[in-house]
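A.B. asks: Please find one structure pasted underneath; my questions will follow.
The values are calculated or read from the model by the stated rules, or taken from the named source; none is laboratory data. Note that the coordinates shown come from a computational prediction; the quantities given were computed from them, not determined experimentally. Positions of Cβ are generated from backbone atoms using ideal geometry, with glycine treated the same way; all protein chains shown enter the neighbour counts.
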Amino acid sequence: MFSSSIQNKEQPCNTLIQQSRRLRRGTAVGMFLLALLFTAWLPLGLLNILPFVFEWPGESSLRLHAAAAVGCLMLAALAYSEL
């Protein structure tokens with residue numbers, strides 16, 4: 001009788017942890033795919049097949065796209081940590 005009340009209290013916590021893990025995994029996958037997109041865009045932009053999207057005064061577009069790819073990979077690594 002006592003153990004069943006403990007199990008009922010632990011169950012909502014476990015579902016919250018599972019939801020948090022799913023959210024973090026989804027964020028990590030999304031950031032990784034976005035980083036792949038930016039990484040694939042770099043050579044296409046260099047060859048003038050596709051235009052670079054980001055424009056910042058005083059900075060090269062190549063640097064901005066490379067920074068976006070690295071930033072997305074860093075966010076993906078943060079989301080994958082402790083899974």
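A.B. asks: Consider residue 31 against the criteria (1) in a loop (DSSP other than H, G, I, E, B); (2) modelled with pLDDT of 85 or more: it satisfies all of them except one. Which criterion is unmet?
C.D. replies: Residue 31 satisfies all of (1) in a loop (DSSP other than H, G, I, E, B); (2) modelled with pLDDT of 85 or more except (1).
A.B. asks: Between a first residue in the stretch 13-28 that is free of Cβ contacts under 8 Å to residues at least 60 places away in the same chain and a second residue that is part of a helix (DSSP H, G or I), which pairs have beta carbons less than 6 Å apart while being 6 or more apart in sequence or on different chains?
C.D. replies: If the second residue must be part of a helix (DSSP H, G or I), the pairs left are 24/79; 27/79; 28/76; 28/79; 28/80.
A.B. asks: Given the residues 36, 75, which is the only one that is modelled with pLDDT of 90 or more and either at negative phi or among the hydrophobic types (A, V, I, L, M, F, W, C) (or both)? Quick ask: steps written out before the conclusion?
C.D. replies: Details: 75 fails: modelled with pLDDT of 90 or more.
Result: 36 is the single residue among 36, 75 that is modelled with pLDDT of 90 or more and either at negative phi or among the hydrophobic types (A, V, I, L, M, F, W, C) (or both).
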